[in-house]
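Peer 1: First, the structure itself, so that you have it in front of you.
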Amino acid sequence: MTEDLSYRRKPLTPEQRQARVATRRIEAEKAMRDHEEAQKAFYANKERLRAERLAREAAGEKA
């Protein structure tokens, strides 16, 4: 009984492995930058909305 091992991947050459590592690092850095930008936008919007709410509440107390 022999196994069919034809489905296994060919081993990567050191150059291919190095290229894959570099590509993954670049993609991870891009993902982190995108995440940081989204977080900054979220908190900026949150602070803007908070300031608007506080202004409405202050105007409501005066009236």
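Peer 1: Can you name the residue in segment 1-23 that is open to solvent by less than 100 Å² (accessible area, probe 1.4 Å) and of a type in the set (S, T, N, Q) and, of all such residues, is modelled with the lowest pLDDT?
Peer 2: Ser6
Peer 1: Going by the structure shown, is Ala59 part of a helix (DSSP H, G or I), of a type in the set (Gly, Ala, Ser) and at pLDDT 95 or above?
Peer 2: no
Peer 1: Which condition from (1) open to solvent by 100 Å² or more (accessible area, probe 1.4 Å); (2) in contact with a helix residue (DSSP H, G or I) (Cβ under 8 Å, 6 or more places away or on another chain); (3) of a type in the set (A, V, I, L, M) is the one that Ile26 breaks?
Peer 2: For Ile26, the failing item is (2).
The values are calculated or read from the model by the stated rules, or taken from the named source; none is laboratory data. The structure presented is a predicted model; accordingly, all values stated were derived computationally and were not measured. Heads up, the Cβs are rebuilt from the backbone with ideal geometry, glycines too, and the neighbour counts pull from every protein chain shown. Quick note on the areas: whole protein, heavy atoms, side chains included, nothing else; ligands and nucleic acids left out. Shrake-Rupley method; radii C 1.70, N 1.55, O 1.52, S 1.80 Å.
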